[in-house]
Amino acid sequence: MFWDNSMPLAPRPPEKRETDKTMSKKVTLNYEGQSHEFDVRVGSEGETGFDISQLRSRTGLVTLDSGYGNTGSCESAITYIDGEKGVLRYRGIPIEQFAQSPNFIEVAWLLIFGKLPTTEEYAEFVVDLRRHANLDEGMKHHFEGFPRHAHPMAILSAMINALSCFYPEVMDVDSPESFRNASARLISKVRTIAAYAFRHSQGQPYNYPDPRLTYVPNFMHMMFSQPYVQYECDDTVRTALNLLLILHADHEQNCSTSTVRMVGSSQANLFASCSAGVSALWGPLHGGANVAVLQMLENIHKGNLTPEEYVKLAKDKESGVRLMGFGHRVYKNFDPRANILSEQAGKLFAAMDRKDPLLDVARKLEQIALEDPYFVERNLYPNVDFYSGIILRALGIPTDMFTVMFAIGRMPGWIAHWWEQNQTPGSRISRPRQIYTGNQLSNYVPMDQR
Ligand code: SDX
């Protein structure tokens, strides 16, 4: 079924909320003998911010907040985080409630369309994802142009951008129907692109998506089936990977999602915006941390240094070493995702009747760090990346594909934010200001006089 316009889209963000009681709150800025009053915005969970959107036009001043740790870039109804209480909710639903019977596609619908799907809506979405799973045969040849050792995140970003060459209707950025089709294509094809990048790196033939399989089993089939030997995805793997993808699905204004919004604010299409999100996620301080965690655990496990020695290094600023998978810009207590993944790791190994020495190393590192004043004083706790790599490794996912798995999980969140921004009345191109600290007025000096 093709989308018809009766299909729901997330409710358009409200015009400026002039009527609610929060608009009565004001803040006053006193500077150089002048007073300036600005509105105070209070969100549905009590988050409060000063609306300085008129600051420069009224005062000639700008604010400065490198890393944006104190700056809200937008109002959003998609995900709520309380960093002090370790709360994470998707459209108001605590993530813990998805752990019982994890269904990534159901959560993807919730994030993008603003509510849990009905049975019919879910069934139709599944049909669309199945229909969009294949890549254009022309696209498949692009993989051959990459060297075998190419990083899969480079391939993923390039190929997602290339989707707009094959589906140019995505350029119609204001069309709900174009958005719905592009969303289904992205969520479905990101698996195929990821799997083909892996198969290319192994010199193995591509596996066509199997329409009889659901989302995660189809991905694992494309990754690991061999000619005449079909990969069978058991329930343990299917459940664990659905949960892992759900826990990565959105996280409000993180670096990569803010990148998607930034690029989308210029009215760049959804594929181009999510391609940029992949690039931002690649960094080791963001989504690349899950790879760095596993390398850290393997380094310790090989005996190159003890957990105690590693923690000591991580505390020494001169070492340039960080305890990867620890710390978070928002969570100053615990990352609820890390708690769920820590528990999931134990359950997974029990179900597989396996032990992983790296899990023991991780638990030892966590125990040492949580008792060390350096980490406690800085509110540094395990984040989503600390245990995710151990689970992915247990599921047979190769290490250099870990951040790709993060991107597959985060795709619904990127899509939801792109559309929410696109649909926000008065939304305009993002263009931060700066404080200039360079040369004052200078003259050009001809080269022979320098
Ligand atoms: C993700 O934003 C999101 O929501 C991201 C994410 C998502 O779902 O999208 O949650 C996913 O990116 C999780 C984070 C994955 N990255 C890592 O695990 C890399 C290791 N962590 C750090 O690099 C760091 O904690 C960050 C990047 C996560 C947060 O950086 P901040 O908020 O800029 O904190 P900071 O660098 O200013 O650190 C504050 C202090 C510093 O010490 P002091 O200068 O105060 O003495 O804490 C120290 C830092 O040196 N510190 C660490 C540390 N993290 C911070 N010291 C050792 N090891 C660490 N991991």
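Annotations
- The sole residue among Phe143, Phe98, Phe179 that is under 16 Å from Ala249 (Cα atoms), aromatic (Phe, Trp, Tyr) and in contact (Cβ under 8 Å) with a residue 12 or more places away in the chain is Phe98.
- Glu366 vs. criteria buried (at least 21 other Cβ atoms within 10 Å of the Cβ), within 27 Å of the chain's Cα centre (by Cα) and acidic (Asp, Glu): yes
- Filtering region 33-73 to residues that are without any contact (Cβ under 8 Å) to a residue 60 or more places away in the chain and assigned to a helix (DSSP H, G or I) leaves Leu55, Ser57, Arg58, Thr59.
- Region 215-263 - residue that is part of a helix (DSSP H, G or I), over 22 Å from His417 (Cα atoms) and charged (D, E, K, R) and, of those, farthest from the chain's Cα centre (by Cα): Asp235
- Yes/no for Thr399 being surrounded by fewer than 23 Cβ atoms within 10 Å (Cβ to Cβ) and of a type in the set (Ser, Thr, Tyr): yes
- When region 331-340 is limited to residues that are more than 9 Å from the ligand (Cβ to nearest atom) and not in a loop (DSSP other than H, G, I, E, B), the one that is surrounded by the fewest Cβ atoms within 10 Å (Cβ to Cβ) turns out to be Asn339.
- Here Leu313 meets each of (1) open to solvent by 30 Å² or more (accessible area, probe 1.4 Å); (2) assigned to a helix (DSSP H, G or I); (3) under 19 Å from Leu395 (Cα atoms) with one exception, condition (3).
- Filter pass, Phe271 being in contact (Cβ under 8 Å) with a residue 60 or more places away in the chain, of a type in the set (A, V, I, L, M, F, W, C) and assigned to a loop (DSSP other than H, G, I, E, B): no
- Test: residue in region 318-330 that is under 29 Å from Thr236 (Cα atoms), more than 9 Å from the ligand (Cβ to nearest atom) and not acidic (Asp, Glu): no
- Residues of region 143-197 satisfying the condition of being more than 22 Å from Arg261 (Cβ to Cβ) and not in a helix (DSSP H, G or I): Gly145, Phe146, Pro147, Arg148, His149, Ala150, His151
- Given (1) of a type in the set (A, V, I, L, M, F, W, C); (2) free of Cβ contacts under 8 Å to residues at least 40 places away in the same chain; (3) open to solvent by 40 Å² or more (accessible area, probe 1.4 Å), number of the condition Ile93 does not satisfy: (3)
- Candidates Met401, Met447 - the one that is away from the ligand (no atom under 11 Å from the Cβ) and under 25 Å from the mean Cα position of the chain (by Cα): Met401
- Taking first residues from region 312-328 that are without any contact (Cβ under 8 Å) to a residue 40 or more places away in the chain and basic (Lys, Arg) and partners that are within 6 Å of the ligand (Cβ to nearest atom) and in a helix (DSSP H, G or I), the Cβ contacts under 8 Å between residues at least 6 apart in sequence or on separate chains come to Arg322/Ala314.
The values are calculated or read from the model by the stated rules, or taken from the named source; none is laboratory data. Fair warning: this is a prediction, and the values are worked out from it, not measured in the lab. Because the Cβ atoms are built from the backbone with ideal geometry, glycine has one as well, and the counts that use them run over all protein chains shown. Just the protein is used for accessible areas: all its heavy atoms, side chains included, with ligands, DNA and RNA removed. Shrake-Rupley method; radii C 1.70, N 1.55, O 1.52, S 1.80 Å.
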